[in-house]
Amino acid sequence: MTTDELERLLAQQPVALLHRLARGRVHRQFRAGKRRLIELLLQHSSHNRAGLESDLQALLEARQSQSASSAQRSQYPLPITRKKATPQTPVPALSEPAISLTGWLEGIGVPEPQPFVPDPWQTDALSALSEIDVVISVPTGSGKTYVAIEAARRAMEDNRTVIYTSPLKALSNTKYTEFSRLFGPDKVGILTGDRQEHSQAPLLIMTTEILRNLLYDAASGEIDVRLDTLGLVILDESQYIADRERGVVWEETIIFCPSQAKLLLLSASIGNPQDIADWLTSIRPTACRLVRHSKRTVPLRAGYLHPNGRLTPLFRTLGIPYGHPTHLHPEAKRLFLEYEEETLPSGRSRR
Amino acid sequence: MPPSIHPVDLVTALRHKQLTPAIVFLTSRRACDEAMEAFDHAELVLPPVRQDAIGTALERVIAQYPSIAEHPLIPIVQRIGVAAHHAGHLPSWKIAIEELMRQGHLDAVFATTTLAAGVDFPARTVVITQSSIRKSRDFTDLTIGEVQQIAGRAGRRGKDHVGFAVITPSPYIDLSVLTKGLTGQPEAIDSQFTISYPMVLNLLKAHPHEHIQGILAKSFAQFQLNQRAELLERKLDLLHTQLEPFGPRVCTDWITQWQTFDHVRRHRPARHQTHRSESPEIAVRLPFLTPGRVVGLHKGRGIVLRQYRSKGQKNSMLTMLRPDGAVTECPVTSVREVYDRTYDCAEMATYPWCSAETFDRLSEQLEDLPPRLPILPILASSPVDTLPDAVVQSLGDFPCPTCSSRTACQKDFPTASRLRQEQQRHTKSIQALRASLWHRFQERVNVLQTFGYLTSTAQLTEDGEWARLIRIDHSLLITELIRAEAFTGADPSLLAGIMASLAHDDDRPGAFPRISAGLSSLLRQVRKLAESLAPHEDPPLLRADVAALAERWVAEPTLTWIGLCRLTTMAEGDIYRLLARTIEFLSQLQTLKGTHPSLADSAAEALTLIRRGVLEELP
Ligand SMILES: Nc1ncnc2c1ncn2[C@@H]1O[C@H](COP(=O)(O)OP(=O)(O)OP(=O)(O)O)[C@@H](O)[C@H]1O
Ligand SMILES: [Mg+2]
């Protein structure tokens, strides 16, 4: 391919593809416009043109086979079984007028204090937990802590000990304060890599690494009495199982968790919580219950704030148009395009 | 128009629309600090009642953590009701800000995205200014899960009817990443199971070798590998049915028979078999022998300048840069080792096949190479379609030409052979998927056997018994150092310095105190050993500067926290984290009381010395 040919081929591609090509090749390319991006790509790959060409070819092929398979799918509509997996908020047709700023801002404020009533999913999780392991995957801020606290209380009333782990020392400390306040300081202890307090308390907070080490020692015969009476192990933020460096520690902890103790995994929304539950079912003595929902308790709205201080809704709809990332508010779209124009690196309008 | 909104305007706008309290996520710590500076002379002060409330709340936290009493940000926090919260701050400061936020005293907190994971303080609004985050060294786009974790901070249950995620652009934003993130389903997560040396030792301590495969099979990693294998098995079943019409004919294995026959027929007695006859082991190496690659030759090393073929030569040739700037030609067969290291080298059409600057640079780089280099693992895969060895290579031996199913074979061969190749490929993949963890475990076992932590029957040796107690990163290096008696007689400050350099994995540059001669020479020894272990364990950064910082803190008990911070440009929060990690590492050495009493004593002493001031006060 000559440079001209390559340049023309690149120019025919969508910017998203160019960005993918640029990844790892061109530093700081986030905001570069198309023309500039092509320039940069050619410049930065002058020593490895072949690599660029073959990557481009690969991307093109991938896209082709993707569109082919999606075309196929629409041609032969398969029986769709999990249609209502997402709670799709009704999205008004694009012909309907977009929401106004006033409408978007309506309803801000503090709700009346309500008596605390546990959500159905919380009760569900708690009652399942008396028999079997539970995996909870719900959005941030839904109230996973309530389940952890109630479950811990019940286990302690039963004279069983409880271990609560979190991935971060900061989080462990917050929970230590919170739980001490709730259950009384003599009931709660903490063990992290550099801190040990009340290590004989019935409710122990620790980092996951410490628990893993405890389990190692128990397995090799240096028995720790607390493990005999262990009734519940809570793993908070267990989406960390996918952490590059530390994820393995969560797997080890779960594999070596004593069988008489129940496991409670708390996680933010992830795409495949059923896999985690199935996995637990396959290796633990009892089945595992998955408690999952993706609806936020406090509804969310998205806005766009222009650098000149202008605020507009981000989407045409009041709430988030799940599944429709392109349903942008016309005003937000216009302002963002304007922003792109003005800040384009090649536009030299600033810096 | 400015590239992004001014922090003061941002807070003003949020207040005006009653969108406070808000968490503003910024790209870097520096951006957070600069945002705070922007409020230095700002007019938007809080009414006195609220200022007083912040004052009282702060006093309560300060009573618990005196180290933040003099914090330079306090006046702005109190006057304006905004704060910064990032990893450069002391944990006590972050606790104070979180407490203020939870009690609803602040209007805005400027934070980095590290905050999004885990720490528990929601707000009415989150402001997003970026669509990518720095992971190790590169910027990567936020995943859907990450965007939702960030947006999830908006809207406090019981305190808000609705939450708001407000996007305001900065020069690093890609709007589509964010809109997809807000409207999409979070990604599926994958296992990141790795097998470490301490894991192997601890497993073998507790379980007989033959049970280990069963234990590994319980991992989420294996669960997911099995899922993939099942998918392939389903494909395999399908292939099986597709292959049915091509079942046994006159020959049972007619596909192989026809393939061999066809091959021989086409390549009839080749008269000159000279060119292009590299053995498969050599052939698989060729793609790696590109300009800039470091290789080991019979004598010393060299950097490849170009690969070429010349007439009359059986093998591909290499032009090599050798030590002292010599340029030599050699056949690829003389390459003994292909190292996992390349340098930039743009090939040119004329001698010496790269530019003069490149040539000089490469010559220098060649001289500076460490004595041990990781070897590139090149799998000499035997391609599926190579012919069986003892094939009879004469046409007369084949029944095909006169066979009754000849035409059928000829017609079906392309399809049948493609299907069969696919079948073989899948079968291989399935085997690999099912056994890969076990193989990785065995690899580790082999290394531990070589080093003498395990016996040939995979029992823990005397050294293995204590080495399994070291369960931190770089465990092999640490246990090897202990065996090499590198720490014998090392006083607590030296030990702390070394542990700090092992524990610290951040390459942020900075200015640091001078290192003592003793620590410097010990560190040199550690570095040498780390390099020699490189094929088995990634070497740590081993920064002398952070080592010196930890050493000073332990060696000078009168040094105050402020005094320590003045010795370096490292942020307070980073120093704290460095020392906290050092404590973790030292604690592991302390567990070796039984076998290495003097080392454990020294570690214990270091721990007592390190835990003072801020490090004692903090949770
Ligand atoms: N059933 C309920 N009714 C009203 N409020 C609740 C209920 N359950 C929990 N909450 C409140 O919701 C808030 C958020 O809960 P929590 O911190 O447990 O969330 P989370 O699910 O752990 O989120 P994260 O992913 O951030 O850890 C808390 O203030 C809690 O008191
Ligand atoms: Mg939580």
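Compared with the direct C-alpha span, the chain from B:Glu465 to B:Leu44 gains 145.2 nm at full extension, assuming 0.36 nm per residue. In this label model, A:Arg181 and B:Gln213 are separated by 5.4 nm, measuring between points 7 Å along each Cα→Cβ vector. Once the Cβ-Cβ distance of A:Gln260 and B:Leu231 is raised to the sixth power relative to R0 = 41 Å, the FRET efficiency obtained is 0.70. Mean partner shielding of peptide B:153-161, defined as the number of other chain Cβ atoms within 10 Å of each residue Cβ, is 6.
Using C-alpha pairs below 8 Å separated by at least 6 residues, the relative contact order for region B:280-367 is 29 percent.
One chain, two ends: B:Asp340 and B:Leu609. Fully extended at 0.36 nm per residue, the span grows by 92.6 nm beyond their Cα-Cα distance. Cα centroids of region B:505-552 and region B:23-99: 35 Å apart. With the simple model of a label 7 Å out from the Cα in the direction of the Cβ, B:Thr194 to B:Ala326 spans 4.0 nm. The translational diffusion coefficient of the protein assembly as shown, from Stokes-Einstein at 37 °C and 0.692 mPa s with a Kirkwood hydrodynamic radius over alpha carbon pairs, comes to 101 µm²/s.
The trypsin sites (Lys or Arg not before Pro) of region A:188-286 that meet both conditions, a loop assignment by DSSP and at most 14 other Cβ atoms within 10 Å of the site Cβ, are A:Arg244.
For region A:120-292, what class follows from the C-alpha gyration tensor (a ≥ b ≥ c being the square roots of its eigenvalues): rounded when a/c is under 1.5, otherwise prolate if a/b is larger than b/c, else oblate? Rounded, since a/c falls under 1.5. Does region B:470-617 come out rounded, prolate or oblate, given a ≥ b ≥ c as the square roots of the eigenvalues of its C-alpha gyration tensor, rounded meaning a/c under 1.5 and, failing that, prolate meaning a/b above b/c? Oblate. Net length available on complete extension from A:Leu337 to A:Gln274 is 18.6 nm, with 0.36 nm assigned per residue and the Cα-Cα distance removed.
Say a paramagnetic label sat at a point 7 Å from the Cα of B:Arg157, along Cα to Cβ; which residues of region A:255-299 have their backbone N under 19 Å from it? Within reach of a label on B:Arg157, which here means backbone N under 19 Å from a point 7 Å along Cα→Cβ, region A:255-299 contributes A:264-270, A:290-299. Based on C-alpha pairs under 8 angstrom that are at least 6 apart in sequence, chain B has a relative contact order of 12 percent.
Of the trypsin sites (Lys or Arg not before Pro) found in region B:282-331, those in coil by DSSP whose Cβ has at most 16 other Cβ atoms within 10 Å are B:Lys299, B:Arg309, B:Lys311, B:Lys314.
Over all directions, the average projected area of the alpha-carbon convex hull for region A:183-266 comes to how many nm²? Please report the intermediate quantities before stating the final value.
On the way: hull surface 23.1 nm².
Seen from a random direction, the Cα hull of region A:183-266 projects 5.8 nm² on average.
With the convex hull of its Cα atoms as the shape, region B:158-306 has an orientation-averaged projected area of 24.9 nm². On the basis of the beta-carbon distance and an R0 of 56 Å, A:Leu60 and A:Tyr146 show a calculated FRET efficiency of 0.65. When the Cα atoms of chain B are aligned to their principal axes, the ranges along those axes come out at 105, 63, 61 Å in descending order. Structure note, pairs A:Lys169/B:Lys180; A:Lys262/B:Lys218; A:Lys175/B:Lys205; B:Lys218/B:Lys428: Cα-Cα distances above 26 angstrom occur for A:Lys169/B:Lys180; A:Lys175/B:Lys205. Between B:Asp138 and A:Glu157, the simple label model (points 7 Å from Cα in the Cβ direction) yields a spacing of 5.3 nm.
What shape does region B:7-183 take by its C-alpha gyration tensor, where a ≥ b ≥ c are the square roots of the eigenvalues and a/c under 1.5 counts as rounded, a/b above b/c as prolate, and the rest as oblate? Cα axes put region B:7-183 in the prolate bin. Provide the FRET efficiency to the nearest 0.05 for the A:Thr229-B:Thr488 pair, computing r from the beta carbons and using R0 = 45 Å. That pair, A:Thr229 with B:Thr488, gives E of 0.60.
Using C-alpha pairs below 8 Å separated by at least 6 residues, the relative contact order for region B:140-276 is 20 percent. With loop membership from DSSP and a limit of 10 other Cβ atoms within 10 Å, the longest segment of chain B without GluC sites (Glu not before Pro) is B:71-619. Once you divide the Cα radius of gyration of region A:241-351 by 2.2 N^0.38 Å, the number left is 1.72.
Throughout, read-outs are computed from the coordinates displayed, never taken from laboratory work. Just so it is clear, the structure is predicted and the values come from calculations on it, not from any experiment. Cβ coordinates were reconstructed from backbone atoms using ideal geometry, including for glycine residues, and neighbour counts include every protein chain displayed.
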